[in-house]
Amino acid sequence: MADTKSGSGRNSAAGGSGNTVLSPLGQGPANLECKDFQEYLRTRQTPESLEKLYNYPPICLAVFRELPEIARQFIIRILFVDQPVPQAVVTSWGAQRCAKEQAEATSCLTALNVWRVTAIPGGLSAWELSPTFKKSVRQVLLGGGKPWPMTNTLDKDSKPRDIAFLDTYAMSRWRCVLHYMVGTGNRNGTDAEAISPDAVRILLHANLMKRDERDGITITRQGFQFLLLDTRAQVWHFMLQYLDTCEERGISLPECLSMLFQLSFSTLGRDYSSEGMNSQMLTFLQHLREFGLVFQRKRKEGRFYPTRLALNVTSKEAAATASVAMDEEATQDCGYIVVETNYRVYAYTDSPLQVAVLGLFTELLYRFPNLVVGVLTRDSVRQALRGGITAEQIVSYLEQYAHPNMRMVESAIHSKSCLPPTVVDQIKLWELERNRFTYTEGVLYNQFLSHTDFVTLRDYAQSIHMLVWQNERTRTMVVQKNGHDDVKRYWKKYSKSGV
């Protein structure tokens, strides 16, 4: 049997050197990955690091709060059971119609290392809560342990800050970050000075912005997508990127997460103490102050006020039920955008940030003191699509901040969307014009010395559903990258057999 050549700089059937090619192949541009708290723990933390995190009761309380309802019921029922509980017993707690939800809850608890499988006498499998998690949850639910440093007693503040002030302060600080991303902060001296090097470092680390030799620091594809998120999601994603850099800063990740959740459990408008914090947590507190999550008059003052950004950062439910009294957020909540069937967009706002975000996917025509007029065009939408913004995100943004009059029309005609259907359909059609190729990362196999060798390997790759593309005339094929090792092993085995 004729053997294949093993190419060094090129892929071959025998060598499989691992180069990736486009077949319409290749890896598509990366999108922004917005992970919730559970996804963050499952994907970025090992079982060993999870055990370290579970030594902190605030983290365990946050994990417990974000679990599915059935999972929380499981924990409460076995929290005070000091021996493993057979899996059959746990399964019997739910009705058959809830089997799917129960399986999801079981999978969630296992992935988070909240409980683990263990064997009991008789060879049965049983669930056993993590001892560290059990101890911390008992402590946080029943009391005991060391008091949280921020709950130390304080003298009455001679100049207390009310909720309205804290909301205004928080959004002014956070808007500085957003203004910097869209470029409006660079032209305003105060905004430029308000952006700390730590904030810029996190934006670069998160790939929301990048350094360009010609243009300096510019926004990226992920940065465009970031701007269309709601404020809570923006702050949470930003803080996750900050947590990734904790080790580089010499700050303990578990302590930072613990303090972040302590702030989320705090009371808005109440002052807390920083006297019992160590130097690392005082540094973390100053970073939170720069991002708008806490208010502190002076760096060395032992008193601070958590803002609404800190309270809502980890909980979607809290963010949904909280009454927002921030100036810009109040404007956004009542709606300021009107979209007409002729693709005209009217935005009743004087916020440079809102105008800049709107300009990401519309062509701005006129600007008045409290009104901006633009139009959705094929070129403006395609430019946004090239920047990484999806049609669904554009539609969602316009719906989220639609004017109340548009919502009245929506309820009157019982429409699924407050936007004109022609506009929604056209935006999605413009996106479909670009999505004509499917990107797949793969490995190229070529230089087969015989047709039989090619057909044999091609058929095997097809049988394991790893074949992406093949050309029998040129004896060339592409397999998925994750199937390359299996195909390579099969080829070596086939070559040695001398069939």
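The values are calculated or read from the model by the stated rules, or taken from the named source; none is laboratory data. As the structure is a computational prediction, the values presented were derived from the model and not from experiment. Neighbour counts run over all protein chains shown; Cβ positions are idealised from the backbone, glycine included. We work out accessible area using only protein heavy atoms, side chains counted, and drop any ligands, DNA or RNA first. Shrake-Rupley method; radii C 1.70, N 1.55, O 1.52, S 1.80 Å.
Quick notes on this structure:
- Rolling a 1.4 Å probe over the protein chains gives Lys210 an accessible area of about 100 Å².
- Peptide packing: for 91-100, 292-301, the average count of neighbouring Cβ atoms within 10 Å per residue gives the ranking 292-301, 91-100, highest mean first.
- Relative contact order of the chain, pairs being alpha-carbon contacts under 8 Å that are 6 or more residues apart, as %: 20
- Of all DSSP beta bridges in the chain, antiparallel share, percent nearest 5: 95
- With DNA, RNA and ligands ignored, accessible area of Tyr348 (1.4 Å probe; Å², nearest 10): 110
- Full extension of the segment from Glu51 to Ala164, taken as 0.36 nm per residue of separation minus the current Cα-Cα distance, would add 36.7 nm.
- Rotationally averaged projected area of the stretch 200-304 (alpha carbon convex hull; nm²): 7.8
- Label-point gap, in nm, between Tyr348 and Ala103 - each point 7 angstrom along Cα→Cβ: 5.1
- Surface composition of the stretch 388-499: carbon and sulfur make up 52 percent of the accessible area, probe 1.4 Å.
- Spatially, the stretch 80-103 and the stretch 138-164 are offset by 37 Å when compared through their Cα centroids.
- Dimensionless Rg/Rh of the stretch 37-146 - Kirkwood Rh, Rg from C-alpha atoms: 0.96
- Whole-Å semi-axes of the ellipsoid equivalent to the chain (Cα gyration tensor, √5λ, descending): 44, 37, 24
- Cα-based convex hull, the stretch 110-178, per residue volume (Å³, whole number): 182
- Measuring between alpha carbons in the structure, the pairs from Lys210/Lys428; Lys52/Lys146; Lys35/Lys210 lying more than 26 angstrom apart are Lys210/Lys428.
- Taking all protein chains into account, the per residue accessible area for the chain stands at 51 Å² (1.4 Å probe).
- Leu141 - accessible surface, heavy atoms, 1.4 Å probe, Å² rounded to 10: 80
- About the Cα centre, charge dipole magnitude for the stretch 37-146 (Lys/Arg +1, Asp/Glu -1 at Cβ), debye: 200
- Alpha-carbon Rg/Rh ratio, for the stretch 337-434, with Rh computed the Kirkwood way: 0.95
- Element breakdown for the stretch 39-135 at a 1.4 angstrom probe: carbon and sulfur atoms account for 54% of the accessible area.
- Once both labels are positioned 7 Å from their Cα atoms along Cα-to-Cβ, the gap between Gln83 and Glu248 label points is 5.2 nm.
- Were the residues from Thr153 through Glu213 laid out at 0.36 nm apart, the gain over their Cα-Cα distance would be 16.4 nm.
- Computed about the Cα centre, the dipole magnitude for the chain is approximately 980 debye when only Lys and Arg (+1) and Asp and Glu (-1) carry charge, each at its Cβ.
- Share of carbon and sulfur in the accessible area of the stretch 238-296 stands at 42%, probe radius 1.4 Å.
- Counting only lysines at least 8 places from Lys156 when in the same chain, those with an alpha carbon closer than 23 Å to its own are Lys298, Lys300.
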